[in-house]
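Here is the structure we will look at.
The values are calculated or read from the model by the stated rules, or taken from the named source; none is laboratory data. Remember, predicted model here, so these are calculated numbers, not experimental data. Positions of Cβ are generated from backbone atoms using ideal geometry, with glycine treated the same way; all protein chains shown enter the neighbour counts.
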Amino acid sequence: MTAAGSPSIVLFDWNGTLLDDMERARGASNLVRERWAGLGELTLGEFREAWCLPLSEHVKRLGVPDDRNEDATRDWSTHLATIDAPLAPGLSETLDALRDAGIAIAIVSSAGEDAVLRDIEAHGLAQRFDDIHAGVSLKQTAISGYVNGTAAGAVWYVGDTKFDMVQARAAGSVGIGYTAGYDGADALHEGGAHHLIDRLEDLLGLISRLPAP
């Protein structure tokens, strides 16, 4: 399904979208799996099959008992914050082009606030975003705050998981699925993505083909 109108603001997920951190996340998952469930390491393919949001559900899929889930989920986020990860290819050029086009830029992430802010500071990106919302328990609520009172199609949410697309849709925004992250095209379609992009730079071409809201 196609949503009409190019954006006045683009909201981005962080982990798996602007930050290329799948290997880092696999490391955190393997640590939690061993420490809290006494189980062996996951291959990358096994990790992708087990990955889902919210994070507590992913931890459950790792084999962690329910009575240890809360502590294990916290441990996952704490460990993740100690490991560096590279930025997604094309990030800087994409942010520059959006800014040049007069489009506002913000982050809406479910990842822990300390971890997200640490990553952003480490990569020198703190001044590149108009808003940063991290540690968000329900993305729909944060996205809705931008959607309310705007024209149809004015708010886009770019994310890499089915969960992201479900939340974007529920909030009334345009869901842009990024296929180079945690979930592939099929899962993003299932979540209700309006459009798919394989590279961050593809976002610019998509915007250029759509009318302003």
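Screening residue 107 with (1) modelled with pLDDT of 95 or more; (2) assigned to a helix (DSSP H, G or I); (3) surrounded by 15 or more Cβ atoms within 10 Å (Cβ to Cβ) gives one miss only, at (2).
In this structure, does residue 172 turn out to be without any contact (Cβ under 8 Å) to a residue 60 or more places away in the chain, in the same structural domain as residue 101 (by TED's automatic domain parsing), within 19 Å of residue 15 (Cβ to Cβ) and in contact with a strand residue (DSSP E or B) (Cβ under 9 Å, 6 or more places away or on another chain)?
Here the answer is no, as residue 172 does not meet what is asked.
Only residues that are among the aromatic types (Phe, Trp, Tyr) and more than 20 Å from residue 164 (Cα to Cα) were counted across the stretch 116-144, and they come to 0.
Name the residue, out of 178, 157, 182, that is under 21 Å from residue 86 (Cα atoms) and modelled with pLDDT of 95 or more. On inspection, the qualifying residue turns out to be 178. When each of 71, 67 is tested for being of a type outside the set (Gly, Ala, Ser), more than 17 Å from the chain's Cα centre (by Cα) and under 20 Å from residue 136 (Cα atoms), the lone residue that passes is 71. Scanning the stretch 141-161 for residues that are of a type outside the set (Gly, Ala, Ser), in a helix (DSSP H, G or I) and under 23 Å from residue 207 (Cβ atoms) yields 143, 146, 147. Close Cβ contacts (under 6 Å, 6 or more residues apart or on different chains) running from residues in the stretch 33-49 that are closer than 27 Å to residue 188 by Cβ and outside the structural domain of residue 182 (by TED's automatic domain parsing) to residues that are among the hydrophobic types (A, V, I, L, M, F, W, C) and at pLDDT 95 or above comprise 33/39; 33/62. Regarding residue 3, is this residue touching a strand residue (DSSP E or B) at 6+ places or on another chain (Cβ under 7 Å) and modelled with pLDDT under 95? Answer is yes for this residue. Checking each residue in the stretch 162-185 for being surrounded by fewer than 23 Cβ atoms within 10 Å (Cβ to Cβ), outside any helix (DSSP H, G or I) and of a type outside the set (A, V, I, L, M) picks out 172, 179, 184.
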